[in-house]
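Have a look at the structure below, then the notes.
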Amino acid sequence: MSLQVFFLLVFGGAAVWFGIVVFLTHSMVRSALALLFSQTAIGAMFLVMQAEFLGVLQIMMMATEMSIMAIFMVMFMMDPGGLGEMDMKHQRKTSLAAGLVAFFGALAVAVFADWGPVATDIPDAGEQVRLLGFELLGRSMLIFESAGLTILTAMIAATAVAVQARERKPKP
Amino acid sequence: MSMELIVALSMGAALFGTGVYGALSQTNLVMIMMGIELILAAALVNLVAFWRYLHPDAMEAQMFLLIVMTVMAVEMAVGFGVAIARFRSRGSVEMEEAQELKG
């Protein structure tokens, strides 16, 4: 077993385990933290696969995102600490069956598909960032700009939806 | 066939299955969003694996990954916007209590 396979198993296993813990624990804060650890382990998998820039980006972005999520969960949940052990699940059997079908279906494709020859040489970290920069500001610029515009639109839309509507004063 | 690729894709498959279970089984809007985040995270793992082991010279894969990350951020922003609006009007984000949204 190569070192890369070993670390992929370790970090991948951690990502999956913490992903499962998200839905096992009754505490919402623990759920958010488990998702944070899961996403961080995924970032570590990117680093193992030599995608350094994306790995660091994933860890930094998800650390921020999950911290915000934890605050929202504490705000919105009736029992954020999970002390009352409220049951917040429904259609358990159907969900479990759907999850298992999704897992085994994707696993079968991963194992039985013919992926062709595997690449051995990859650009180093600095070269990757340079090439990605050329890709983003060259051929894929329109897509990149569209993504930025989509985020801006989503921010405005989310704020518009969330802001409480003011009651208009009746005209005298 | 590369063992590394299969391991990475298998982890992606496990994350996908976990996310599907979470998104379908939870009654709380924020928890459903967590399931969707896991599904998208599985897509990220697969994209990086395909880039690294099949086409390391094609930077479109990394660009596509940035787009998926954008989708994750947009999903969070809009989801929380809807959650705040729902919480203000009904005092809860439990989807069991949102029967009126049924078509």
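So the values come out like this:
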read-out	value
Hull-based mean projected area of region A:125-167, where the convex hull spans the alpha carbons, in square nanometres	4.1 nm²
Taking A:F23, A:F7 and counting other C-beta atoms within 10 Å, the order from fewest to most	A:F7, A:F23
Residues whose placed amide H lies under 5 Å from that of B:N28, excluding near-sequence neighbours	B:M95
Choice from A:L142, A:L35, A:L132 with maximal GNM fluctuation in chain A (Cα, 10 Å cutoff)	A:L142
Anisotropy class of region A:1-80 from Cα gyration tensor, a/c 1.5 cut	oblate
Burial ordering of A:E65, A:E52, B:E100, fewest other beta-carbon atoms within 10 Å first	B:E100, A:E52, A:E65
Two-decimal Rg to Rh for chain B - Kirkwood Rh, Cα set	1.11
Residue-averaged 222 nm ellipticity for the protein assembly as shown, from DSSP H runs of 4+ at -39500 (n - 2.57), nearest 500	-25500 deg cm²/dmol
Förster-model FRET efficiency, 22 Å R0, A:I143 and A:T64, C-beta, rounded to 0.05	0.40
Potential extension, A:F6-A:Q91 segment - 0.36 nm per residue separation minus Cα distance	27.0 nm
Rg/Rg_ref, chain A, where Rg_ref = 2.2 N^0.38 Å and atoms are Cα	1.39
Residues B:S25, A:S146, sorted so that the one with the fewest Cβ neighbours within 10 Å comes first	A:S146, B:S25
FRET efficiency for A:V163 and A:V56, using Cβ-Cβ distance with R0 set to 51 Å, rounded to 0.05	0.90
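Quick note: the coordinates plus some simple rules give every number you see, no bench work behind them. Remember, predicted model here, so these are calculated numbers, not experimental data. Note that each Cβ is placed from the backbone with ideal geometry, even for glycine, and that neighbours are counted across all protein chains shown.
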